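Structure record follows, encoded as structure tokens.
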Amino acid sequence: MTPEDRVEAQPLLRPPGGSVRRGRRVFLAAFAAALGPLSFGFALGYSSPAIPSLRRAAPPAPQLDDEAASWFGAIVTLGAAAGGVLGGWLVDRIGRKLSLLFCTVPFVTGFAVITAAQDVWTLLGGRLLTGLACGTASLVAPVYISEIAYPEVRGLLGSCVQLMVVTGILLAYLAGWILDWRWLAVLGCVPPSFMLLLMCCMPETPRFLLTRHQRQEAAAAAQFLWGSEQGWEEPPVGAEHQGFRLAQLRRPSIYKPFVIGVSLMAFQQLSGINAVMFYAKTIFEEAKLRDSSLASVVVGVIQVLFTAMAAVIMDRAGRRLLLALSGVVMVFSSSAFGAYFKLTAGGPGNSSHADLLAPVSMEPADAGAGLAWLAVGSMCLFIAGFAVGWGPIPWLLMSEIFPLHVKGVATGVCVLTNWLMAFLVTKEFGRLMEVLRPYGAFWLASAFCLLSVLFTLSCVPETKGKTLEQITAHFEGR
């Protein structure tokens with residue numbers, strides 16, 4: 001064990017004998033930070049109702065053809081990839097709180113540009129700005145929440161990041177029923193503006209302040225968040241202040257979390273979830289469901305409910321169990337959805353539609369209508385399975401497994417991986433469905449889900465109930 005490793009293993013913040021009374025303001029601070037994920041969830045979901053609205057709009061509104069619509073949905077992920085790199089730099093330079101405040105600027109500016117857009121390029125520029133904010137928020141919010149939360153509630157609060165994302169997506173779907181694309185963009189400015197106001201009243205994380213040797217500020221932050229700073233001690237700080245160096249990748253406490261974090265982000269996107277959410281209406285139309293807008297909202301509601309359930313049980317069931325269970329459910333559901341497309345491929349008699357408002361027990365008009373319910377059921381099961389594990393847990397683990405002195409760089413690499421994979425999957429999903437046919441595309445996603453289960457069981461550690469320093473010690477084999 002090197003001297004750096006020994007320093008890293010010491011707890012930066014340690015309650016004496018567990019007797020410190022936990023404060024409730026930590027939940028308020030977590031909510032303020034989670035408004036960032038709510039904003040980027042809204043930005044992700046914005047394209048689904050906005051694209052049909054833009055295609056119906058009369059000049060001088062921008063006109064979207066198929067190629068422009070594809071870029072309108074996908075370009076946000078390119079901006080988010082850049083935002084992940086920027087967020088990784090900011091979070092170590094200016095701190096977690098100021099980074100969250102910073103990301104409100106491109107959120108509001110991007111939606112304002114979309115609102116004023118008169119041509120396609122301006123629309124895409126606005127989407128790129130909101131994507132930049134998405135990438136920054138998706139990195140900084142989990143880090144901020146994991147560092148202010150104590151172990152007993154870190155799973156609950158960390159899972160709220162994904163809960164706010166899917167809530168933002170659902171809000172975009174619901175608002176898209178009554179608002180056109182311009183007013184929907186105006187509404188997108190509200191959550192980041194609220195976050196700006198609320199985060200101004202929240203403290204920086206005590207862990208970050210201690211790495212900057214700001215003992216008094218850290219004590220004040222602990223008092224605000226946890227109700228007491230007495231008994232929380234500062235050890236000698238060494239390795240945390242040195243920053244990241246490539247030579248450190250030889251250390252197990254660095255390269256093991258790197259491999260796990262990057263792999264989790266890649267598997268999350270290879271499941272096809274972003275393609276499903278971006279093109280939910282198109283997928284359900286392909287499944288011959290008449291009211292695809294209602295289908296998208298149903299998917300959003302299921303995702304919110306099951307993500308909330310995951311947040312509640314996260315600190316009891318553990319991360320590893322939920323990840324494995326989630327992956328198994330996604331394997332079977334995506335296989336079933338692919339089977340639906342295989343069974344209905346080329347069948348001229350399979351043109352009837354399933355009405356989502358009709359009772360489940362009604363007799364289908366023909367076999368095609370019955371098979372359409374297979375599409376509805378398997379898609380909803382896929383969304384539920386993803387929401388329980390592979391939705392929230394990769395982001396939660398990303399914020400838990402890295403040592404403080406490499407957290408900015410490491411989480412930046414993870415977020416960059418996630419959003420680049422999201423761009424590739426989202427941009428090429430339609431082409432993949434043409435080449436492999438729809439059933440082949442979903443069976444390929446099923447294979448990746450199976451690989452994710454095997455990876456979870458063989459490589460992912462359990463972090464439930466452990467301090468961040470204990471997690472670091474685990475990777476060193478102590």
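Quick one: how many Å² of I313 are accessible to a 1.4 Å probe, rounded to 10?
Rounded to the nearest 10, that gives 50 Å².
Any chance you could check the Cα centroid distance between the stretch 92-164 and the stretch 22-80 for me, in angstrom?
11
For the stretch 68-135, state which trypsin sites (Lys or Arg not before Pro) are in a DSSP loop and have at most 10 other beta carbons lying within 10 Å of their beta carbon.
Answer by residue number: there is no such site.
At 1.4 Å probe size, with every protein chain present, just tell me what the per residue accessible area of the stretch 23-228 comes to in Å².
35
Keeping all protein chains in place and using 1.4 angstrom, which order do W395, W71, W177 fall into by accessible surface area, from largest down?
W177, W71, W395
What does the charge count near V259 come to, summing +1 for each Lys or Arg and -1 for each Asp or Glu among other residues with Cβ under 14 Å from its Cβ?
My count for the surroundings of V259 gives +3.
What accessible area per residue comes out for the stretch 393-478, rounded to a whole number of Å², with a 1.4 Å probe?
36
What percent does the relative contact order of the stretch 23-228 come to when contacts are Cα pairs within less than 8 Å and at least six residues apart?
After rounding, I find 38 percent.
My understanding is that a pair violates if its Cα-Cα distance is over 27 Å; which of K342/K427; K97/K466; K97/K427; K407/K466; K427/K464 do that in this structure?
K97/K427; K427/K464
The values are calculated or read from the model by the stated rules, or taken from the named source; none is laboratory data. Please read these numbers as outputs of a predicted model, since none were measured by experiment. In this analysis, Cβ positions are derived from the backbone assuming ideal geometry, glycine residues included, and neighbour counts consider all displayed protein chains. Accessible surface areas use protein heavy atoms only, side chains included; no ligands, DNA or RNA. Shrake-Rupley method; radii C 1.70, N 1.55, O 1.52, S 1.80 Å.
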